[in-house]
1. How far apart, in nm, are the 7 Å Cα→Cβ label points at residue 112 and residue 12?
2. Provide the per-residue ³J(HN,Hα) series for segment 111-128, in order, calculated from phi with Karplus coefficients 6.51, -1.76, 1.60 and θ = phi - 60°, each as a whole number of Hz, with x at glycine and proline positions.
3. Shape verdict for segment 28-84, please, from the Cα gyration tensor: rounded (a/c under 1.5), prolate (a/b greater than b/c) or oblate.
4. Which of the chymotrypsin sites (Phe, Trp or Tyr not before Pro) across segment 15-73 are loop residues per DSSP, with 12 or fewer other Cβ within 10 Å?
5. Pull out a ≥ b ≥ c, the square roots of the eigenvalues of the alpha-carbon gyration tensor of segment 54-169, then state rounded if a/c is under 1.5, prolate if not and a/b is larger than b/c, and oblate in the remaining case.
6. Quick check on the exposure proxy: order 32, 103, 4 from fewest to most C-beta atoms within 10 angstrom.
7. Relative to the present Cα-Cα distance, how much length would full extension add between residue 63 and residue 104 at 0.36 nm per residue of separation?
8. Sorted from fewest to most neighbouring beta carbons within 10 Å, what does the list 132, 1 look like?
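Here, each number is a calculation from the coordinates, and none is a lab measurement. Because the structure is predicted, anything quoted here is derived from the model rather than measured. Every residue, glycine as well, gets a Cβ built from its backbone with ideal geometry; the counts of neighbours run over all protein chains shown.
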Amino acid sequence: MDGIYRALLEAYGPQQWWPTAAEDGPEQRFEICLGAILTQNTAWRGAAAALENLRGAGATTPEAILDLPEPVLGELLRPSGYFNAKARKVRAFCEAVLDAGGIDALLAGDADEVRARLLALWGVGPETADAMTLYAGRKPTFVVDAYAYRLFERLGRPPGKRDYDTYRTYFLGKLGTDVWTLNQWHALIVRHGQQICLRTKPQCDACILEPRCEFTRGTSAQDEA
């Protein structure tokens with residue numbers, strides 16, 4: 001694991017993830033949580049465009065978002081895909097923030113408490129809850145996504161079946177509880193998956209992990225056959 005991490009860090013450098021426009025503080029934490037909802041089942045660029053639409057409409061707080069009619073909110077979120085469903089999810093999250101007494105209150109407590117609280121919200125699944133917990137709450141957890149499944153299956157090092165809890169438990173056991181390290185690991189996996197380890201036509205010749213990769217060896221053997 002250490003060798004994989006060092007190779008990715010050497011290739012891409014520190015990622016400074018999660019990208020936000022807001023300054024550090026409650027506004028930034030709220031924006032991170034919105035982004036975690038909006039990036040469900042879509043590329044980050046779509047979520048980023050939807051966030052920019054919200055900023056352009058002056059809807060950057062729970063109160064301002066809830067003041068928008070749902071069809072108007074849906075149109076602002078259109079770039080993120082599934083925009084009507086996401087409008088309902090965003091509204092539900094904004095209501096939860098206000099019910100809790102603010103975003104900092106919603107994210108208060110240890111990692112397990114925060115994660116459980118978020119998972120109890122409608123529209124928030126494990127990946128979204130972990131993204132909010134790690135990046136907005138700055139609590140130790142690991143975000144498992146399609147990039148992580150793909151990378152470790154191709155390396156020939158899956159921790160078990162393709163199951164969210166199996167992967168999350170494995171990574172937390174290996175990586176410990178340092179929030180910066182957990183942040184960087186996930187961000188580097190995402191960067192590598194977006195740039196090199198593509199779902200189709202992966203750029204194996206340019207991959208820093210090629211010497212470790214069973215997928216590459218299997219592809220080479222097929223080419224030689």
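1. 3.0
2. Computed from phi, the couplings for segment 111-128 are 4, 5, 5, 5, 4, 5, 5, 5, 5, 6, 7, 5, x, 10, x, x, 5, 5 Hz.
3. Numbers: a/c = 1.76, a/b = 1.22, b/c = 1.44.
Here segment 28-84 falls in the oblate category.
4. Details: sites: 17, 30, 44; in loops: 17.
Taking segment 15-73 and a limit of 12 other Cβ atoms within 10 Å, no loop chymotrypsin sites (Phe, Trp or Tyr not before Pro) are found.
5. Details: a/c = 2.79, a/b = 1.59, b/c = 1.76.
It comes out oblate by the Cα gyration axes.
6. Working: 32 23, 103 27, 4 19.
Lowest count first: 4, 32, 103.
7. Numbers: separation 41, 0.36 × 41 = 14.76 nm, distance 1.54 nm.
Taking residue 63 through residue 104 to full extension adds about 13.2 nm, to one decimal.
8. Working: 132 32, 1 11.
Placing the least packed residue first, the sequence is 1, 132.
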